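Student: Here it is, the structure in full.
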Amino acid sequence: MDQGKLIIFSAPSGAGKTTIVHHLLNVLPYLEFSISACSRPMRKGEQNGVDYYFLTVDEFKQKIANGEFIEWEEVYTNNFYGTLKSEVQRIWKNNRHAIFDVDVEGGLNLKKQFGEKALAVFVMPPSIQSLEQRLKQRETETPESIARRVGKAAIELKLAEQFDKIILNDDLGKALAEAEKIVGEFIKV
Ligand code: ADP
Ligand code: 5GP
């Protein structure tokens, strides 16, 4: 496949996009996860080259200077995240469609660049309070990091209507079923 499709999942942190994307990867064999590069520290259980390509801030900036990214964002201070051009080429060469877990700005940026080839899905949390609760339960963030992530959510929610589809993630089972349906329909087009 010279050019496959792009399935983009974006949401405020804690809304459940990683959970949904992992589920889709388990049930839809034609998808492959687009591994982003990032400069934040690795969390317990994460692996370099599986969850992210973990880079130092300097390495990340060098790749920006070399023009190696399709898009990148400094999502939080000194926490850079971005999609490498080589990553999407790798997935398409593998005859799969690329599925992305990116922040809201990054999702809209990818959609703008790839238009009809891309499906941009916004995962909507039931409320901002639920985000805070979920991030606490996930036990991966410091209280400062939770506050920073929740603080950004109100602005991110305002961008939801610019996406192709919105999935409410209140009842997880329903959200997973809806995600499967939406992605299946898009790939068949
Ligand atoms: P994101 O990738 O958007 O930051 P995650 O997928 O990591 O979000 O989900 C945040 C936390 O909320 C995880 O611990 C996950 O298990 C939990 N979670 C996901 N969906 C739901 C849901 N519908 N109800 C309750 N908890 C959920
Ligand atoms: P986390 O630190 O929780 O893994 O990710 C923080 C945020 O960065 C999430 O909203 C995640 O979707 C986003 N993110 C991950 N990879 C990329 C990427 O390649 N580009 C952009 N713009 N955001 C990303």
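The values are calculated or read from the model by the stated rules, or taken from the named source; none is laboratory data. Since we're looking at a predicted model, the values are computed, not measured. So basically every Cβ, Gly included, is an ideal-geometry build from the backbone, and we count neighbours across all protein chains shown. Accessible surface areas use protein heavy atoms only, side chains included; no ligands, DNA or RNA. Shrake-Rupley method; radii C 1.70, N 1.55, O 1.52, S 1.80 Å.
Student: Under 7 Å by Cβ, and 6 or more places apart or on different chains, what pairs join a residue from the range 139-157 that is under 11 Å from residue 12 (Cα atoms) with one that is of a type in the set (A, V, I, L, M, F, W, C) and open to solvent by less than 70 Å² (accessible area, probe 1.4 Å)?
Tutor: 149/135; 150/128; 150/131; 153/128; 153/131; 154/128; 156/104
Student: Related question: Determine which member of the set 58, 51 is among the acidic types (Asp, Glu) and more than 15 Å from ligand 1 (Cβ to nearest atom).
Tutor: Within the list 58, 51, the selection yields 58.
Student: Please specify each residue of the range 141-171 satisfying the condition of being within 30 Å of residue 112 (Cβ to Cβ) and of a type in the set (S, T, N, Q).
Tutor: 145, 162, 169
Student: Out of all the residues in the range 8-30, which are assigned to a helix (DSSP H, G or I), of a type in the set (Ser, Thr, Tyr) and within 17 Å of residue 156 (Cβ to Cβ)?
Tutor: The one that is assigned to a helix (DSSP H, G or I), of a type in the set (Ser, Thr, Tyr) and within 17 Å of residue 156 (Cβ to Cβ): 18.
Student: Count, please, the residues in the range 31-72 that happen to be hydroxyl-bearing (Ser, Thr, Tyr), surrounded by 12 or more Cβ atoms within 10 Å (Cβ to Cβ) and either in a loop (DSSP other than H, G, I, E, B) or more than 8 Å from ligand 2 (Cβ to nearest atom) (or both).
Tutor: Of the residues in the range 31-72, 3 are hydroxyl-bearing (Ser, Thr, Tyr), surrounded by 12 or more Cβ atoms within 10 Å (Cβ to Cβ) and either in a loop (DSSP other than H, G, I, E, B) or more than 8 Å from ligand 2 (Cβ to nearest atom) (or both).
Student: While we're here: Give me the pairs, please: first residue somewhere in the range 167-181 and within 16 Å of ligand 2 (Cβ to nearest atom), second residue anywhere and acidic (Asp, Glu), beta-carbon distance under 7 Å, and either six or more positions apart or on two chains.
Tutor: From residues that are within 16 Å of ligand 2 (Cβ to nearest atom), the pairs are 167/178.
Student: Looking at residue 142 and the list (1) within 15 Å of the chain's Cα centre (by Cα); (2) within 27 Å of residue 39 (Cα to Cα), which single condition is not satisfied?
Tutor: (1) is the only condition that residue 142 fails.
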